[in-house]
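Below is one structure, written out as structure tokens, with a few remarks after it.
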Amino acid sequence: MNILITGGAGYIGSHTCIALLGAGHKVIVADNFYNSAIETIDKIQEVTNKKIIIYKNDITNYFELESIFNENPIDGVIHFAGYKAVDESIKRPLDYYYNNVLSTINIAKICTKYNVKKIVFSSSATVYGNNMPPFVEKMKLQPSINPYGETKVMSERILMDMVNANFTFKVSILRYFNPVGAHESGLIGENPNGKPNNLMPYITQVAKGKLEKLRVFGNDYPTIDGTGVRDYIHVMDLAEGHVAALNNIKQGTNIYNLGTGKGTSVLELVNAFEEANNVKIPYEITSRRPGDIAQAYADPSKANKELKWEAKRDLLSMCRDAWRFEKNNKTL
Ligand code: NAD
Ligand code: UDP
């Protein structure tokens with residue numbers, strides 16, 4: 001299939017390009033490089049030895065998006081493009097609603113106009129808010145989590161309503177848990193601008209000596225050791241989940257959790273990283289980060305069954321691959 005990947009130069013998009021090219025699909029990437037680098041496209045081509053068609057386009061601009069559909073036959077779209085930082089979304093809510101919601105509306109409109117029936121959308125476990133884990137797809141979503149989460153809830157709703165109006169569409173909404181790690185080549189990985197917000201890139205930068213020590217946000221949660229628990233998933237497992245989602249896409253709207261189903265605490269991840277890479281990660285316990293929840297992990301059984309997909313890589317591989325990329329990453 002010819003697949004348009006919006007945000008395909010970003011962290012999850014770039015790994016998904018590798019998985020799709022490996023599975024024999026043709027890939028067209030549309031990215032404005034707001035949070036990524038054009039060199040990533042060269043690296044994907046180097047790893048796969050396959051060509052990508054690339055557009056430096058903004059998905060919020062309908063006409064820029066339409067030019068891609070005029071120039072290429074497209075069988076399906078995977079829509080990754082968007083802003084993703086929770087903290088930033090609280091400070092700049094309008095930018096988040098504009099970019100994330102408008103881009104989804106444009107994708108829905110263009111797919112309707114060009115009769116492209118297959119859409120896979122990047123949603124997030126954040127939509128579950130304070131529900132009790134393990135999170136299952138049919139749980140009632142929590143309103144007003146944060147502007148970022150709201151953009152995901154709204155985007156899901158827009159796509160569902162599109163399907164309600166025309167049931168021939170096939171939409172898969174994928175709710176990701178915590179993607180970490182990097183492609184085994186060490187050539188592509190997560191390369192956040194500035195100081196990382198997320199735990200794994202923070203740990204790798206401490207390991208590299210770029211940051212002095214990790215701050216563990218709270219050790220008084222009702223968890224195994226008091227620190228926050230998340231469902232870390234290797235980014236290549238997540239990428240392969242998109243290939244499975246496309247291969248098994250069904251009529252209507254279908255929602256799937258992409259996670260491992262296993263919860264890992266902050267200190268467990270620190271220990272795993274030290275063990276996998278034989279490095280020390282100095283840390284201090286600080287107060288809780290506002291807005292954090294104690295635990296979030298998936299019930300991935302629906303994706304396991306219906307997509308015939310399962311996360312395979314363990315925590316040690318996630319830590320090894322994340323560190324390999326950080327060591328190779330000359331841009332830091
Ligand atoms: P990323 O920032 O690395 O990638 C997003 C890409 O989209 C970037 O290359 C950016 O330049 C591009 N982009 C943003 N706005 C655009 C626009 N208007 N037009 C064209 N390109 C645009 O983020 P990621 O981690 O790869 O996340 C991909 C998607 O998955 C996002 O929608 C994010 O909300 C979602 N998600 C991510 C996580 C995570 O932890 N990384 C978890 C759950 C959901
Ligand atoms: N965390 C931490 N120090 C950091 C970054 C994160 O202790 O510098 C904790 C955070 O409180 C949470 C877990 O690590 O319990 C995962 O945080 P991340 O931001 O990576 O993911 P999210 O909270 O969005 O699931």
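For this structure, a couple of remarks:
- Taking every Cα-Cα distance in the chain and sorting them into 10 Å bins from zero, the calculated P(r) comes out as 6, 27, 37, 24, 6, 1 percent.
- Computed FRET value (nearest 0.05) for LEU141 with TYR34, which takes r as the C-beta separation and R₀ as 25 Å: 0.40
- Between the range 103-150 and the range 200-271, the Cα center-to-center distance that results, in Å: 19 Å
- Value of [θ]222 nm, deg cm²/dmol, for the chain, DSSP H segments ≥ 4, -39500 (n - 2.57) each, nearest 500: -11500 deg cm²/dmol
- Fewest-first ranking of SER185, SER265, using other Cβ atoms within 10 Å as the exposure measure: SER185, SER265
- Sequence ranges 89-96, 24-31, ranked by mean other-Cβ count within 10 angstrom, highest first: 24-31, 89-96
- Of all beta bridges that DSSP places with both ends in the range 212-332, some 25 percent have antiparallel geometry.
- Projected area, mean over directions - the range 28-101, Cα convex hull, nm²: 5.8 nm²
- If you plug the beta carbon distance of LYS208 and ARG92 into 1/(1 + (r/R0)^6) with R0 = 22 Å, you get a FRET efficiency near 0.15.
- Most simply put, the chain has about 5% antiparallel DSSP beta bridges, counting only bridges with both residues inside it.
- Gain upon complete extension [LEU316, GLU184; 0.36 nm per residue less C-alpha separation]: 46.2 nm
- Take the Cα of GLU71, step 7 Å toward its Cβ, do the same at MET160, and the gap between the two points is 3.7 nm.
- Cα shape, the range 121-262, gyration tensor, a/c 1.5 rule: prolate
- Label-zone membership for the range 78-97, site ASN193, 7 angstrom Cα→C-beta point, backbone N under 17 Å: 81-97
- The angle separating the long axis of helix 266-277 from the principal Cα axis of greatest extent in the chain is about 90 degrees.
- Within the range 245-280: backbone nitrogen closer than 14 Å to the ARG288 label point (7 Å, Cα to C-beta): none
- Extended-chain gain in nm, criterion 0.36 nm per residue less alpha-carbon gap, ASN49 and TYR114: 20.4 nm
- Within the range 131-258, percent of DSSP bridges classed antiparallel, to nearest 5: 0 percent
- If only the Cβ of Lys and Arg carry +1 and only the Cβ of Asp and Glu carry -1, the dipole of the chain around its Cα centre is close to 320 debye.
Read-outs throughout are calculated quantities, based only on the coordinates presented, and are distinct from any laboratory measurement. Remember, predicted model here, so these are calculated numbers, not experimental data. With ideal geometry, Cβ positions are generated from the backbone for all residues, glycine too; neighbour counts draw on all protein chains shown.
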